[in-house]
Amino acid sequence: MSGSVVDNTVSSGNSSAAIPTDISGQILDLDEDDDLEVFSKDTNLTDGSSFNASMQTSPASMINQYKFEEEEDAETKDIFVTVDNPESHVTAIETYITYRVVTKTTRSEFDSSEFEVRRRYQDFLWLKGRLEEAHPTLIVHPLPEKFVMKGMVERFNEDFIETRRRALHRFLNKIAEHPIFSSSEDFKIFLTAASGELTSHKKQEFTEMQEYVEAFSQKISSVDKVTQRIVREQKEYLEELKECGPTYALWSQSEEELAESLKNVAGSVDRCCKETEEQVKHLNDHLIPVLHEYVLCADTLKAVLRRRDNIQADFEAKTEALATKKTDRDMMRDDLDKAEDRLEWANNALKSDWTRWQKVMRTDLRSAFVDTAERNVSYYEKCLAVWESFLNSQRTDAEGNGKVDFS
């Protein structure tokens, strides 16, 4: 900037400073917030000091200033978390990866200055869920996707595991840097508790229910999509089949020797068309609606579990508040009793309805699958009968004419 700027001073008694007309056209077009940020770092408007030419205003000097501030933040950081050393575990029912989580801290609320635990992905999910429940208006850093992303051929290949490890490491460090999350009791438990202790903090019964619903949702959605694709393909096949019959009939008009056979083929194709139409109609009317209904049911179950979790969180929040607020203990006790009663009612209602829903779901799906299987048997038996009839008629004609040997 030109030297005329140096001659202008900004005092505490003036709300603005005059800008020389010879440089007014040279002012950078910055956002208002950017202007305030730059000047708040380079001038002291509140105590009346002047805008000095010796003050650093170049981009390079500002970058150095920010770097200095970052170094200061690093020096004052009192908790460091590392995620490394992934290990594969194979059991009779599943294969999964655990990661080593190493914590070094100088905080007084920790019993030691260093901790080392192993955590699997679902433990990170638990921590994220707990933080979201306890602080619904704060922004929790996202976790990497739970399932294999498109393009990943093998779930447990080295690239996938390393990509996930880096993402989990970043997630924990974002939590450690947060002024509220880093002081959370759940975060401390995650970093320090042994595997068995951590499991006791997770609501195992409803966690298993939630995992079942997630797995059920994936499977029923896949079956629904595959069934709809089969129906679409059968409809396309039916359209092709409908064109096939008239083709054989037209062909029979130009082939005296094969006329009867071609007409029979055309008739057989027409009858198969009718059977295929009924098959498609059956799938559309009976199987697809049931599958889609339970796709929606899975979403409903997820919402129910979320509401139960909110009730649980409300109960725990009131329990924690009761322990810290001595003055209004009686009032909080009433609220706590009500919350506990509500939680017990919600748990019992959900368990009862869960058993009922599972029974209905299994009965409905079993009925739909059995009905479809029986319909498939009938469909293919009818098609087989059609073609056997055609084959027998051809054998009879051939034996009568003495032209063809079908043996």
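The values are calculated or read from the model by the stated rules, or taken from the named source; none is laboratory data. Keep in mind that this is a model prediction, so the values were computed, not measured. Glycine also receives a Cβ, built like all others from the backbone with ideal geometry; neighbour counts cover every protein chain displayed. We work out accessible area using only protein heavy atoms, side chains counted, and drop any ligands, DNA or RNA first. Shrake-Rupley method; radii C 1.70, N 1.55, O 1.52, S 1.80 Å.
Numbers at a glance
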| item | result |
| --- | --- |
| Arg271 being crowded, with 16+ Cβ neighbours inside 10 Å, basic (Lys, Arg) and within 23 Å of Tyr379 (Cβ to Cβ) | yes |
| Failed item in (1) touching a Ser or Thr at 6+ places or on another chain (Cβ under 9 Å); (2) open to solvent by 70 Å² or more (accessible area, probe 1.4 Å), with Glu177 passing the rest | (1) |
| Residue list for the stretch 180-229, restricted to those being of a type in the set (Lys, Arg), open to solvent by 60 Å² or more (accessible area, probe 1.4 Å) and modelled with pLDDT of 90 or more | Lys219, Lys225, Arg229 |
| Any hit, the stretch 278-296, residues being basic (Lys, Arg) and closer than 30 Å to Asp337 by Cα | no |
| Scope the stretch 253-266; condition more than 17 Å from Ala398 (Cβ to Cβ) and either crowded, with 17+ Cβ neighbours inside 10 Å or not assigned by the TED database to the domain that holds Glu388 (or both); matching residues | Ala266 |
| Hits in the stretch 332-359 - residues which are under 27 Å from Ile288 (Cα atoms) and surrounded by 12 or more Cβ atoms within 10 Å (Cβ to Cβ) | Asp353, Trp354, Trp357, Gln358 |
| The lone exception for Gly245 - which of (1) open to solvent by less than 30 Å² (accessible area, probe 1.4 Å); (2) of a type outside the set (Phe, Trp, Tyr); (3) at pLDDT below 85; (4) under 27 Å from the mean Cα position of the chain (by Cα) it fails | (4) |
